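Following: one structure in structure tokens, then a few remarks.
The values are calculated or read from the model by the stated rules, or taken from the named source; none is laboratory data. Predicted model, so just to flag it, every value in this text is computed and none were measured. With ideal geometry, Cβ positions are generated from the backbone for all residues, glycine too; neighbour counts draw on all protein chains shown.
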Amino acid sequence: MNVDGTHYRTIWLAADGWAVEIIDQTKLPFNFETVRLENVEDAAVAIKDMLVRGAPLIGATAAYGMALAMHADPSDVALERAYDRLLSTRPTAVNLRWALDEMTKLLQPLGANARQAAAYARAAEICDEDVDICSAIGDHGAALIKARHDETGDTVHVLTHCNAGWLATVDWGTALAPIYKAHDAGIPVHVWVDETRPRNQGASLTAWELGRHGVPLTIIADNAGGHLMQEGRVDMCIVGTDRTTASGDVCNKIGTYLKALAAHDNDVPFYVALPSPTIDWTLDDGRDIPIEERAADEVTKIQGKTESGEVITVEIVPEGANAGNPAFDVTPARMVTGLITERGVAIASKQSLAEMFPEKA
Ligand code: MRU
């Protein structure tokens, strides 16, 4: 997507042809900065500290992390160490394990001197595949938005949670791709952006990227969605996912489940944009998905910009207060209207997913 007239992906190879560059998402929305990754540890820290985040981009960064590891040392020991280090960074988004398995499957049988070139080529391919997948999700999702517009003749109001836009992928996004495609096709669309406490990925990232693209948006406090749905001011919800089970249970950023409950109670369609690498075919029950517990200070502190332009972090709770920070929750398949995949919209069920991806199921 474009940033001030320049086309960016969220991850790319540096001009020297071996280091990797990313957008530092911890600096947004106030500053647009890029960071150079030179080794596997840089890639691991970028994922763990959320310079990059969002399930597909975590996978793409891990793939390039393996390539950086092979650049430094293509031995079996280095391959195994890189896999373990990268896998340890974040537990919930299954794209991380998927990308690492893809890389290992390719690299393990090769001789050490063939590994570096093969790793860079596969990492680039994983990125290109992600762009194609997200673009296709955009087309299928935009058809849903268009259908709603054809029905009402009015602006379509979409509620989204967290950031599942191009910043969370390599390009286009998952939940936001349908919105970009609909907007670009001239369909009037407006987005209710959940701020998404505690890290505010909605207020800082989703609002930033939609705004740059010229999509009308309104940031709302996380607790406002239910009320807006009761008032008939939400046409549909579209969210992303970090891991979806083979039976269609959807794990996504904490608070997604509450939106699904409100949507269910108000007959608002609740769609999940789902790239196939985000399906965990080994799990049937969403309760088996590991939920990342993040640092309490993401809850007790908040970052913002002062009137003088300084970006600072401040405490917002009584000194010494206890805080908990589960980062994801699971929405049961029965509350999901449809899974927007790159192959079309599936029902959130084992049978429908298996029919759509027979080679995986
Ligand atoms: O903790 P984050 O910011 O990595 O969480 C991101 C989300 O929950 C997204 O909704 C999800 O990864 C889908 S991204 C296309």
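How many residues, within the range 243-273, are farther than 23 Å from Gln351 by Cβ and of a type outside the set (Gly, Ala, Ser)?
Number of matching residues: 11.
Enumerate the pairs (first residue in the range 288-317 and free of Cβ contacts under 8 Å to residues at least 12 places away in the same chain and charged (D, E, K, R); second residue anywhere and assigned to a loop (DSSP other than H, G, I, E, B) and surrounded by 12 or more Cβ atoms within 10 Å (Cβ to Cβ)) with beta-carbon separation below 6 Å, excluding pairs fewer than 6 apart on the same chain, so at least 6 apart or on different chains.
none
Taking the residues in the range 150-164 that are over 23 Å from Leu261 (Cα atoms) and assigned to a loop (DSSP other than H, G, I, E, B) as candidates, determine which candidate is farthest from the ligand (Cβ to nearest atom). Lay out the reasoning, then the answer.
Initial filter on the range 150-164 (over 23 Å from Leu261 (Cα atoms)): 150-155.
Add one more test, that the residue is assigned to a loop (DSSP other than H, G, I, E, B), and what stays is 153-155.
Values: Gly153: 31, Asp154: 27, Thr155: 24 Å.
Among them, the one singled out is Gly153.
Can you go through Thr196, Thr218 and tell me which one is away from the ligand (no atom under 13 Å from the Cβ), among the polar types (S, T, N, Q) and either surrounded by fewer than 24 Cβ atoms within 10 Å (Cβ to Cβ) or over 20 Å from His7 (Cβ atoms) (or both)? It would help to see each step written out before you state the result.
Numbers: Thr196 fails: away from the ligand (no atom under 13 Å from the Cβ).
Within the list Thr196, Thr218, the selection yields Thr218.
Show me the helices (runs of 4 or more DSSP H) found entirely inside the range 35-147 where at least 3 residues are farther than 30 Å from Asp235 by Cα and either in contact with a Pro (Cβ under 6 Å, 6 or more places away or on another chain) or among the basic types (Lys, Arg) (or both).
Values: elements: 40-48, 55-72, 76-87, 95-107.
Output list reads 95-107.
Of (1) within 12 Å of the ligand (Cβ to nearest atom); (2) part of a helix (DSSP H, G or I), Ile238 satisfies all except one. Which?
(2)
Whether any residue in the range 56-65 is over 27 Å from Asn163 (Cβ atoms) and in contact with a helix residue (DSSP H, G or I) (Cβ under 7 Å, 6 or more places away or on another chain) is what I want to check.
Restricting attention to the range 56-65, the residues satisfying the condition of being over 27 Å from Asn163 (Cβ atoms) are none.
No.
Please find, within the range 44-58, the residue that is farthest from Ile279 (Cα to Cα) out of those that are near the ligand (Cβ under 10 Å from one of its atoms) and among the small types (Gly, Ala, Ser).
Applying the first criterion (near the ligand (Cβ under 10 Å from one of its atoms)) to the range 44-58 yields 47, 50, 52-58.
Remaining after also requiring among the small types (Gly, Ala, Ser): 54-55.
On the way: Gly54: 14, Ala55: 11 Å.
Top of the filtered list is Gly54.
Cβ-Cβ below 6 Å, separation at least six or inter-chain, first residue in the range 148-168 and free of Cβ contacts under 8 Å to residues at least 60 places away in the same chain, second part of a strand (DSSP E or B) and of a type in the set (A, V, I, L, M): which pairs?
These pairs meet every condition: His149/Val156.
Evaluate the range 100-107: report whether one residue or more is buried (at least 24 other Cβ atoms within 10 Å of the Cβ), hydroxyl-bearing (Ser, Thr, Tyr) and outside the structural domain of Val272 (by TED's automatic domain parsing).
Initially, the range 100-107 is screened for residues buried (at least 24 other Cβ atoms within 10 Å of the Cβ), giving 103, 107.
Within this subset, residues satisfying the condition of being hydroxyl-bearing (Ser, Thr, Tyr) are none.
No, that holds for no residue.
Go through (1) in a helix (DSSP H, G or I); (2) under 30 Å from Asp101 (Cα atoms); (3) of a type outside the set (Ser, Thr, Tyr); (4) within 14 Å of the ligand (Cβ to nearest atom) and name the single condition Arg287 misses.
(4)
Identify all residues within the range 84-103 that are more than 16 Å from the ligand (Cβ to nearest atom) and over 16 Å from Ala60 (Cβ atoms); write none if there are none.
Residues of the range 84-103 more than 16 Å from the ligand (Cβ to nearest atom): 84-85, 100-103.
Correct list: Asp84, Arg85.
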